[in-house]
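Nothing in this text is a laboratory measurement; each read-out follows from the coordinates by a stated rule. In this text, all values refer to a predicted model and were calculated from it rather than measured experimentally. Here the Cβ is made from the backbone with ideal geometry for all residues, glycine too, and neighbour counts use every protein chain on show.
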Amino acid sequence: MTQSRFTPAVLAALAVRLTPRDRKILRAVWDHRVLTSPQITQLFFDTDTATRKRLLTLHHMGVLERFRPNLPVGAGAAPYHYVIGAAGAAVLASEDGIEFAALGYRRDRALGIAHNQRLTHLVGVNDFHAALAAFARRHENARLVTWWPEHRCTAQWGQTVRPDGYARWREDGYNLDFFLEHDTGTEPLDRVAAKLDGYALLAQRTAIVTPVLFSVHSDRREANLRTRLLQHPAAQTVPIATTSRTGGLINDGPAGQRWLPLNTPNPRLRLATLATHWPHLGPRELPRQVTE
């Protein structure tokens, strides 16, 4: 897809039809690589009906493209998954004041996520983010101050750690910064636990200790992972909490009382109140890039 197709006249015509919320949707889809229609509802709308109507319009405009991944027989139909379209990429490039080519958009790559083995993992991470953002939309006392998806985390800390997300969460006056590790059960537990080495190194070299939260797909997997983590030397320096996604992210989603710090058997805590379990962390700033 070349820039020549998107002349100033074409972009001007799109600008008239795109609302401020549309532009936020385009930016979010681009930043997250793919978002499902339920996730877009959580982030930007109040009803599924309103979401479907607007996304269909954006799809017809060419600013978004969509696909439905195949599910196992009997599992029903998957929701539409949305990726940025060529026209949407042109709009974003124009907003950023850069050439179309400089954005790095390729239609084959955008749609290629439909066949990527990491699609389930990526959608799961985006579910976590969308659920937190939706909770904050519904509650005045909560705010998702910062959310960095995986690619931005990799750009910042990729030589040392590659978290699935970095967040700053605020609720009822509590503040918590954390790295997210979204576990789908495909990696050996020892390999998952070994990721603590990178987080310990990052804390050592930046003098900023940031908790690592493991979201695990089942209760049994969580229990077994906790055993491995407790045996890992880095668990003495890196604050850790775990949760199981069994039954779905209910009871306020990931913001709710579902997090269990590693060094205690109970009780589970709300996401924000994990900060009270690690009062020694003190005021927070963004963990810096490791330098040799």
Q) If you line up the long axis of helix 86-96 against the longest principal axis of the chain, both from Cα atoms, how many degrees apart are they, to the nearest 10? A) 70 degrees
Q: Compute from the Cα atoms of segment 32-124 the Rg and the Dmax, the latter being the longest Cα-Cα distance, and quote both in angstrom.
A: 14.1, 47
**Q.** Under 5 Å, built H, 5+ apart or other chain: amide partners of Thr146
**A.** Arg168
Q: Just grab the label-to-label distance for Glu99 and Gln159, each label 7 Å out from Cα along the Cβ direction, in nm (one decimal).
A: 2.9 nm
**Q.** Approximate spin-label separation Val145-Tyr174, in nm, with each point projected 7 Å along Cα-to-Cβ
**A.** 1.5 nm
Q. When the helix-only estimate is applied to the chain (DSSP H runs of n ≥ 4, each -39,500 (n - 2.57), divided by the residue count), what is the mean residue ellipticity at 222 nm, nearest 500 deg cm²/dmol?
A. -12500 deg cm²/dmol
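I'd like to compare 237-244, 94-101, 274-281: which one has the highest average count of other Cβ atoms within 10 Å, and what's the full order after that?
On the way: 237-244: 21.1, 94-101: 12.9, 274-281: 14.9.
Sorting 237-244, 94-101, 274-281 by mean packing, highest first, produces 237-244, 274-281, 94-101.
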Q.
I need the P(r) histogram for segment 120-281: all alpha carbon pairs, bin width 5 Å from 0 out to the longest distance, whole percents.
A. 2, 9, 19, 24, 23, 16, 6, 1, 0
Q. How much length is gained if the chain between Gln117 and Arg268 is pulled fully straight, taking 0.36 nm per residue apart and subtracting their Cα-Cα distance, in nm to one decimal?
A. 51.1 nm
Q) Against the longest principal axis of the chain, how steep is helix 8-17, in degrees 0 to 90 to the nearest 10, with axes from Cα atoms? A) 70 degrees
Q. If each of Ala50 and Arg27 carries a label point 7 Å out from its Cα toward its Cβ, how far apart are those two points in nm?
A. 1.9 nm
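For Ala223 and Thr276, what does the FRET efficiency come to when R0 = 25 Å and r is the distance between their Cβ atoms, rounded to the nearest 0.05? Present the calculation step by step, with values, prior to reporting the outcome.
Values: r = 24 Å, r/R0 = 0.96.
Between Ala223 and Thr276 the formula returns 0.55.
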Q.
With angles folded into 0 to 90 degrees, how steeply does helix 20-32 sit against the dominant principal axis of the chain? Use alpha carbons for both and round to 10.
A. 60 degrees
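Please give the length that would be gained between Ala207 and Arg17 if that part of the chain were fully extended, namely 0.36 nm times their separation in residues minus their C-alpha to C-alpha distance (nm, one decimal). Intermediate values should be presented prior to the final figure.
Values: separation 190, 0.36 × 190 = 68.40 nm, distance 4.82 nm.
Between Ala207 and Arg17, full extension yields 63.6 nm more.
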Q: Starting from the Cα of Asp197, step 7 Å toward the Cβ, then list every residue of segment 224-240 with an amide N under 17 Å from that point.
A: 228-238
Q. When the Cα centres of segment 87-118 and segment 119-181 are compared, how far apart do they sit, in Å?
A. 23 Å
